[in-house]
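Data first, discussion second: the structure below is written as structure tokens.
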Ligand code: G3H
Ligand code: 13P
Ligand code: ZN
């Protein structure tokens, strides 16, 4: 099956009331882990690569890995998505590389750190929508800024600044109408990485009510939750048990995501939980069997550990069981529909 536009998948998810996890990849084993989970659960798949991932793996490797993935998994609909494109140029180069979906994150300036203006965001998003839609490629945009980061991409906002940069529902409505984006990432108090909340988040820090408000204004826009890793205690414990030094922290409870899915969240970005699973599995092998030096001895358990996390998320988000029911629409057909 060829790679399909993400919009098709999210439309199907909306019609059937489920969410789709979007999992970050940097290498072959992570792609394989996602596909292991998808085949086991019959789930449609969004594979996403950040700018850093594209630089790390090299676009040519990534393109061919994704073509191989589609070839090897003819029954699974797959969308290939650029995560956090920092400029129209980044999104255009992703489209040239065969990505079927791009995120133009104009909530930040091109440095991927400083919050931008509303006008800048509209301008760059519209440029990307014009080119992408002409080719049938889907566009995710972002309005509002995520919280401070320990790693990855985003504005290093303090706890107080996060509250100032939450998505304003009225502005989100205007933005979606002006830009014509297919999916909209909203800021509700989450951040990327393993250190999101100091305690289990309540409604004061994780603003699910903002999602509900935006969904009531934009019932036909697919909402995206970034920074959605749950940072499971058991994964952190494995890392620390085998010599790691991660601090205690709390992620986004899966139940909160499920609540979001009831209110228009269709794409859920998860990277950190998979990083934790992979790192824990590798540390365990290194620690328990220090004589091993064949990469397969640690990459295989790492791949299995990531597949387990992805599988659990696919089941919780409700995408399990839908792979064979998502309509297959080509980019050409999608371009005609816009
Ligand atoms: O945007 C955040 C994702 O976790 C990707 O992180 O930019 O370090 O690849 P990255
Ligand atoms: P996490 O760091 O919570 O996994 O978020 C990933 C993300 O939002 C990628 O865009
Ligand atoms: Zn993100």
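Computed quantities for the displayed model
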| read-out | value |
| --- | --- |
| Computed log₁₀ I(q)/I(0) - Debye formula, equal Cα scatterers, no solvent, region 129-260, q 0.19 Å⁻¹ | -1.06 |
| Alpha carbon Rg of region 65-134, scaled by the compact-globule rule 2.2 N^0.38 Å | 1.27 |
| Spacing of the two label points (7 Å from each Cα toward its C-beta) at residue 293 and residue 110, in nm | 4.6 nm |
| DSSP bridge pairs, the chain: antiparallel proportion in percent, nearest 5 | 5 percent |
| For region 260-300, alpha-carbon Rg and Dmax in angstrom | 16.2, 51 |
| Principal axis dimensions, region 37-195 - Cα atoms, whole angstrom, descending | 47, 37, 29 |
| Square roots of five times the Cα gyration tensor eigenvalues for region 209-285, Å | 32, 11, 8 |
| Simple label model, 7 Å out from Cα along Cβ direction - residue 258 to residue 217, nm | 2.9 nm |
| Cα-derived Rg over Rh, computed across region 170-243 with Rh taken as Kirkwood radius | 1.11 |
| As computed over the chain, the Cα convex hull volume per residue (Å³) | 117 Å³ |
| Distance (nanometres) between label positions extended 7 Å along Cα→Cβ at residue 16 and residue 42 | 0.9 nm |
| Equivalent-ellipsoid semi-axes of region 256-338, from the Cα gyration tensor, Å, largest first | 36, 17, 11 |
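Just so you know, all these numbers are worked out from the coordinates, no wet-lab data involved. The structure displayed is predicted, hence computed values, not measured ones. Glycine gets a Cβ as well: all are built from the backbone with ideal geometry, and neighbour counts include every protein chain shown.
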